[in-house]
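Worksheet: the structure to be examined is printed underneath.
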Amino acid sequence: MNQQELEKVKEKALEEHIPIIMDDTLEVMEQYLTNMKPKRILEIGTAVGYSAMCFTTFLAEDGRIDTIEREEERVKQAKENIKKVGVEDKICIYEGDAVEILPTFNQKYDVVFIDAAKGKYPFFLKQALRMIEPNGIIFADNILYKGYVLSDYNKHKQRTAVRNLREYIKEVSQNPNLETEILEVGDGLAISKIKNKVVPVL
Ligand code: SAH
Ligand code: MG
């Protein structure tokens, strides 16, 4: 991987205000993924490919990342970036709305990274739960959305997003098969580990 090119992608994205993963968020994910060596990662929200390219360093040798992006221009940029950085054999981009694409997927993933339309997080969670491996982890970025999610804020045009992020937190917290932490790194990161099913002793 060409680290210098990756750095250029990051700088350009920051200049253009493309909301790429923040350094501290990536550091936390690194702690979870370094030992895990995932074979398959699903990312919802590619933008220009920055986070997906960063995640390639965590992959098992034959690992792969599937990532979904609906904006044509971003898909184009992401493909160019991925080539320049030299990780095109590890990342597969699907162009279109994740709401339509996800239900057509049937493979299993060790890791799901949710980083797209905030109003769709509960739907993305359902899809992630359907495809996650028994020892997998589901991450959701921007889960605290500038602090709105934990405040009494509800009068903004973004209230649908806030309501759905709160719904996501409620669902992962109440799901007995998940062990969830919500961290205040970056714009907020939800980490939900799948618990191994406990066999009840009769
Ligand atoms: N993961 C990237 C940043 C993603 S920004 C990184 O850290 O580098 C969120 C992206 O999700 C945007 O590019 C937006 O176009 C895309 N997006 C939002 N809603 C989507 C949807 N329903 N389906 C597919 N892509 C979506
Ligand atoms: Mg994000």
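Pairs exceeding a 25 Å alpha-carbon distance, out of K37/K193; K120/K170; K146/K195; K10/K108: K146/K195; K10/K108. Between E73 and E27, the contour length at 0.36 nm per residue exceeds the alpha carbon distance by 13.7 nm. Over the chain, DSSP H runs of length four or greater, each weighted -39,500 (n - 2.57), average out per residue to a 222 nm ellipticity of -11500 deg cm²/dmol. What residue among L26, L144, L14 has the largest mean-square fluctuation in a Gaussian network model of the chain, using Cα springs under 10 Å? So, out of L26, L144, L14, the one fluctuating most is L14.
What shape does region 12-122 take by its C-alpha gyration tensor, where a ≥ b ≥ c are the square roots of the eigenvalues and a/c under 1.5 counts as rounded, a/b above b/c as prolate, and the rest as oblate? Rounded. Placing one identical point scatterer on every Cα of the chain and ignoring solvent, what is log10 I(q)/I(0) from the Debye formula at q = 0.12, 0.14, 0.15, 0.19 Å⁻¹? For the chain, the Cα-only Debye profile gives -0.58, -0.80, -0.92, -1.49.
Full-extension gain between D152 and E167, please, as 0.36 nm times their residue separation minus the C-alpha to C-alpha distance.
Length gained, D152 through E167: 3.9 nm.
Centre-to-centre, using Cα atoms only, region 1-55 and region 76-93 are separated by 12 Å. In terms of packing, defined here as the mean over residues of other Cβ atoms within 10 angstrom, the peptides 37-46, 62-71 line up highest first as 37-46, 62-71. Zone of V99 (label point 7 Å along Cα→Cβ, backbone N under 17 Å): which residues in region 61-92? Only 68-72 fall inside the zone, counting backbone N under 17 Å. Checking the a/c ratio against 1.5 first, then a/b against b/c, what shape does the Cα gyration tensor give for region 17-69? Cα axes put region 17-69 in the oblate bin. A Cβ-based charge dipole, computed about the Cα centre of region 1-122 with Lys and Arg at +1 and Asp and Glu at -1, lands at about 300 debye.
Counting Lys and Arg as +1 and Asp and Glu as -1 over every other residue whose Cβ lies under 12 Å from the Cβ of E5, the net charge comes to +2.
Just so you know, all these numbers are worked out from the coordinates, no wet-lab data involved. Just so you know, these numbers come straight off a predicted model, no measurement behind them. Don't worry about glycine lacking a Cβ; one is built from the backbone with ideal geometry, like all the others, and counts go over all protein chains shown.
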